[in-house]
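To start, the structure under review is shown below, and the notes come after it.
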Amino acid sequence: MKKVLIFGAGMVAGPPVKYLLEKDFQVIVASRTLQKAEALVNNHPNGNGKAFDITQATTEELEALIRECDLAVSLLPYTFHVKVAKACLKHRKHMVTTSYVSPEMRELDEKAKNASISILNEIGVDPGIDHMSAQKIIDTIHEKGGKILSFTSYTGGLPAPDANNNPWGYKLSWSPRGVILAGRNSAKYLKDEEVVEIPGEDLFDHFLPFPVNENGPGDTEELGLLEGYPNRNSIEPYIDVYGIPETKTMIRGTLRNPGWCRTMKKIADVGYLNLDEQEFPSGFTYRQLLNQLLDKPLKSNAKENLMSIFDIEEKDDIIRRFEWMGLLGDDVLPKKKISPLDALCHQFEEHLQYDPGERDMLVMVHQFEYVVDSGMEKITSTMIDYGIPHGDSSMSRTVGLPAAIGVRMILEGTITDRGVLVPVKKTIYEPILKELEEMNIRFTERLEKVK
C-alpha cells in the first residue's frame with residue numbers, strides 16, 4: 001500500500017485526506033496540532049496523525065518522516081515548500097503542492113528530473129483548476145487553427161449569497177493571513193499589447209465592476225456585480241506556460257464583493273499591512289493602534305481622525321466596516337509584541353467566520369477572444385461551486401481534490417513527467433477535470449460570434 005504524507009491539517013486538508021483514504025492509500029497527517037491531524041483521519045485503519053511542527057523540527061526529523069513515505073503533500077505556508085522539496089529530493093520521493101512555483105522551487109527542476117521524481121505544484125483551484133480549464137480551451141482553439149487575442153481569468157472565494165450577511169461581504173474559507181498578505185502584492189498584466197505594472201500600495205485602486213451570472217453563461221439571473229482586480233504577475237510565466245505568445249491581452253485577477261477594494265485600499269493606506277512587529281504596552285487597544293498608525297494622539301477620537309484624513313462622512317461604508325471589525329473600539333491587542341498586519345489578522349479571524357450550516361462559494365470566470373477562419377469568437381467559461389452545509393467548504397474541495405487526484409495519478413503511474421511541474425499538459429489536466437466533473441465541480445461555456 002502506497003503511503004502519502006500530508007503536512008498541514010488546516011482549512012483545505014479534509015477533502016484530500018478523505019479522498020486518499022477512500023482510494024486505499026495509507027495517509028499520515030503531520031500537524032503541529034495532533035488533535036487536528038487525528039480528527040482528519042477519523043480513526044480510519046489506514047490513517048495516522050502525527051505531531052510535527054516544521055518551524056521547530058530539525059532537518060533530520062523532517063527527513064525521517066519523508067523517508068517512510070512514497071509522496072509528500074505540503075499544505076503548509078508556501079515559505080516551507082522548498083524545505084520539504086529538498087528533503088524529497090534527497091530521498092527520491094514525489095511531492096505535491098497547491099501553491100505557485102517560487103523561483104527557488106523552479107531551480108530544483110533539473111535535480112528533480114535527475115532524481116526521477118515529480119514535484120507537482122499549482123494543483124489547487126487558483127492556481128490549479130484555473131490553469132487546467134484554461135489550457136483545455138486554449139488547446140481546443142489552437143487545434144482549430146485559432147489565434148488567441150485576449151485571455152482574462154478571474155477567481156474569488158466568497159460567501160454564498162445566503163451567507164453574505166456582514167458589512168465586508170467576505171468570510172474566511174482559507175488562511176486569514178494569506179488573504180491579507182495578498183493585498184501587499186504588486187501586479188503586472190498585458191492589456192492591448194501594453195504592459196501594465198501596479199505597485200502593491202496601489203493594487204486596490206485598480207478594480208473593475210464584474211457581472212457574474214448565477215448558473216454561468218446563458219443564465220439571465222445575475223449572481224451580482226462583483227469587483228475584479230489584478231493578481232500578481234499575469235505575464236510571466238503564464239503566456240509561455242499556456243503557449244499563447246500571440247495574445248495581446250493577458251489578465252489574471254481576483255473577485256470580491258463590492259466595497260472590498262475601496263475598504264482594503266484604506267486598510268493599506270492606514271498602515272495595517274505593515275509586517276514589522278512592535279512592542280505595545282499592556283492593555284493597548286485597537287482604537288489606540290489606529291490612532292498611532294494615523295500619527296494622532298492615542299486618546300483622540302479614532303473615528304473622527306479616520307473621517308478627517310480620508311475626507312469621508314460618518315455614514316460612509318468604510319467607517320461602518322472599520323467599526324464592525326472592531327478597529328475603532330477598545331478591544332485589547334491579542335499580544336504585546338505584534339505587527340499591524342497580525343493585529344488585523346486577529347480581528348479577521350474573530351469576525352469573518354462562517355456560522356454552522358453556512359455555505360461558501362467559489363467563482364471562476366475565463367474569457368477568451370480569438371480569431372478562426374470564420375471570424376472572431378468569444379468564449380466565456382464559468383464555474384460556480386458551493387460549499388456543502390455542515391460539510392466541506394467549496395474552497396477546501398476545489399483546492400484539495402485536484403491535489404489529491406494529482407497524488408493518485410503520480411502514485412499509480414498515470415503522471416510520468418518528472419521535474420518541477422504545473423498541470424498544463426493534456427495528459428494531466430484532462431483526467432483531473434473529468435474526475436472533478438464527476439464530483440460536480442464543472443464549468444459551463446457560452447460561445448459568441450464577435451462582430
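The values are calculated or read from the model by the stated rules, or taken from the named source; none is laboratory data. None of these values were measured; they are calculated from a predicted model. Cβ atoms come from the backbone with ideal geometry, glycine included; neighbour counts cover every protein chain shown.
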### Residue list for the stretch 281-298, restricted to those being part of a loop (DSSP other than H, G, I, E, B) and within 32 Å of the chain's Cα centre (by Cα)
L294
### Query
Given (1) in contact with a Lys or Arg (Cβ under 9 Å, 6 or more places away or on another chain); (2) outside any loop (DSSP other than H, G, I, E, B); (3) buried (at least 18 other Cβ atoms within 10 Å of the Cβ), where does E197 come up short, assuming only one miss?
(3)
## Note on the structure
The condition of being under 17 Å from G406 (Cα atoms), in contact with a Leu (Cβ under 9 Å, 6 or more places away or on another chain) and surrounded by fewer than 19 Cβ atoms within 10 Å (Cβ to Cβ) holds, among D126, D70, only for D70
### Task
Those residues that are crowded, with 17+ Cβ neighbours inside 10 Å and not aromatic (F, W, Y), I need them from the stretch 51-62; list them, please.
I54, L62
#### Entry: Residues within the stretch 304-333 that are surrounded by 14 or more Cβ atoms within 10 Å (Cβ to Cβ), in a loop (DSSP other than H, G, I, E, B) and at negative phi, tallied
8
### Query
Among (1) among the small types (G, A, S); (2) assigned by TED's automatic domain parsing to the domain that holds D205; (3) closer than 19 Å to W168 by Cβ, where does G243 come up short?
(3)
## Note on the structure
Of the residues in the stretch 430-449, those that are free of Cβ contacts under 8 Å to residues at least 60 places away in the same chain and surrounded by 14 or more Cβ atoms within 10 Å (Cβ to Cβ) come to P431, E435, M439, R442
### Task
Please work out which one of (1) β-branched (V, I, T); (2) out of contact with any Gly (no Cβ under 7 Å at 6 or more places or on another chain); (3) closer than 30 Å to S150 by Cβ is the condition I309 fails and give its number.
(3)
### Task
Identify all residues within the stretch 1-53 that are out of contact with any helix residue (DSSP H, G or I) (no Cβ under 7 Å at 6 or more places or on another chain), of a type in the set (A, V, I, L, M) and not in a helix (DSSP H, G or I); write none if there are none.
M1, I28
### Task
Could you tell me whether G157 is in the same structural domain as Y429 (by TED's automatic domain parsing) and crowded, with 19+ Cβ neighbours inside 10 Å?
yes
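Can you name the residue in the stretch 273-283 that is within 14 Å of L181 (Cα to Cα) and out of contact with any Gly (no Cβ under 9 Å at 6 or more places or on another chain) and is also surrounded by the fewest Cβ atoms within 10 Å (Cβ to Cβ) among such residues?
Pass one, the stretch 273-283, residues within 14 Å of L181 (Cα to Cα): 273-276.
Okay, now just the ones that are also out of contact with any Gly (no Cβ under 9 Å at 6 or more places or on another chain), so 274-276.
Numbers: N274: 17, L275: 10, D276: 8.
My answer is D276.
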### Query
Taking interchain pairs and intrachain pairs at least six residues apart, which have beta carbon atoms under 9 angstrom, with the first residue in the stretch 80-102 and of a type in the set (F, W, Y) and the second surrounded by fewer than 24 Cβ atoms within 10 Å (Cβ to Cβ) and assigned to a helix (DSSP H, G or I)?
Y100/Y78
### Task
Tally the residues that are within 21 Å of V82 (Cβ to Cβ) and either free of Cβ contacts under 8 Å to residues at least 24 places away in the same chain or over 27 Å from the mean Cα position of the chain (by Cα) (or both), restricting the search to the stretch 39-54.
1
## Note on the structure
Residue hits (the stretch 222-274; charged (D, E, K, R) and either in a loop (DSSP other than H, G, I, E, B) or within 30 Å of N305 (Cβ to Cβ) (or both)) are E227, R232, E236, E246, K248, R256, R262, K265, K266, D269
### When residues of the stretch 376-393 are limited to those that are in a strand (DSSP E or B) and over 19 Å from the mean Cα position of the chain (by Cα), the one surrounded by the most Cβ atoms within 10 Å (Cβ to Cβ)
S381
### Task
Hey, can you tell me all the residues within the stretch 420-450 that are in a loop (DSSP other than H, G, I, E, B) and either more than 30 Å from K86 (Cβ to Cβ) or not basic (K, R) (or both)?
V422, P423, V424, M439, N440, I441, R442, F443
#### Entry: Criterion violated by V450 - all others in (1) hydrophobic (A, V, I, L, M, F, W, C); (2) within 20 Å of the chain's Cα centre (by Cα); (3) modelled with pLDDT under 95 satisfied
(2)
